[in-house]
Amino acid sequence: MPSYSPYDWNESIQQRNEYIEDRLKDGSPVVALTYDGGLLLLSARQTQRKIYEVYDKLMFSAIGNQSDVEQIRRGAIDAAHQEGFSRSPDDVSVQRLVSFQLSPAIKRIYGDPFAQPIVIKGIFAELGKTQERDLLMTLSYDGEFSSTPGMAVVAGTAYAEDRMREHLKTETESGTPDLGAALRAALYAWGVGMKHLEAEDRADADYSTD
C-alpha cells in the first residue's frame, strides 16, 4: 500500500500553487472602489462577462478559469438565497457569505491533493446603507480572504496588485471621489495592473531564453 508523507503533501501544495498562479497570470485585473454615490467594480474582457450581481446589493467579480468563476458565482447565489429564505434578507452579507460558506469549501478543495484546484481570485462587494458600511472582500484560490476599506484589487500577480493599490491610494488621498473620478482612477489602476502583468511576462520570456 503506497504511503503519503507530510513532505509529499507540502510538495503537492507547492506544485499546485505554481500551477494556479501560472494560470492566473493571463487574467484581466479587477478594481473595486467606493465613491460618494456607491460602489464601483471595473474590469474589461471581450469574450465573457466579468461582473455579476449575487444578491440585493451584493456583487462579485474575479479572475481565473471561467468554469471556476461560474462555479463560485453559482455557489454564492445559492448560498445567499438560501440564507435569505431561511433567515432574513437582512442577514445576507458578504462577510457571512465569504467566511462561512465559500472560504471553507475552497479550503477543503485546496487541501486535497487529489482534487482539481479552483483557479480563482475574486472580489465580493456589499453596498452598505452608508458609505462607511460598504464592504469589500477578496477571496483567493486557497480559501484565504481579507476585507479592505474603500478599495480592493485582484490581478494575476501580487506585484501587479501592489502597483494598482498604490495608484488607487494616490488617487483617493484627497477624500472619497465622485463617480467620474472613481471611474478614471479605477480604469487607470486596471491599466497599471495590465502593464505590470505584461512586463512580468516579457521578463519571464527573456529569462527562459537565456
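The values are calculated or read from the model by the stated rules, or taken from the named source; none is laboratory data. Nothing here was measured: the structure is a model prediction, and the numbers come from that model. We place every Cβ from the backbone using ideal geometry, glycine too, and count neighbours over all the protein chains shown. Remember, those area values only see protein heavy atoms, side chains included, never the ligands or the DNA or RNA. Shrake-Rupley method; radii C 1.70, N 1.55, O 1.52, S 1.80 Å.
Averaged per residue, what accessible area in Å² does the range 76-129 show with a 1.4 Å probe, protein chains only?
53
Carbon and sulfur atoms: what percent of the 1.4 Å accessible area of the chain do they account for?
50
Quick check on packing: order 26-32, 170-176, 148-154 by the mean number of other C-beta atoms within 10 Å, highest mean leading.
26-32, 148-154, 170-176
Averaged over all directions, how much area does the convex hull of the C-alpha atoms of the range 99-210 cover when projected, in nm²?
Over every viewing direction, the Cα hull of the range 99-210 projects on average to 9.2 nm².
Compute the Cα gyration tensor for the range 46-142, then decide on rounded, prolate or oblate, letting a ≥ b ≥ c be the square roots of its eigenvalues: rounded whenever a/c is under 1.5, prolate when a/b is larger than b/c in the other cases, and oblate in all that remain.
It is prolate, given that a/c is not under 1.5 and a/b is the larger ratio.
Rounded to the nearest 10 Å², what accessible area does Asp162 have for a 1.4 Å probe in the complete protein model?
Its accessible surface works out to 60 Å², give or take rounding.
Which entry in [x] 131; [y] 110; [z] 147 matches volume of the Cα convex hull per residue in Å³ derived from the coordinates of this structure?
Label [z] holds the value from this structure.
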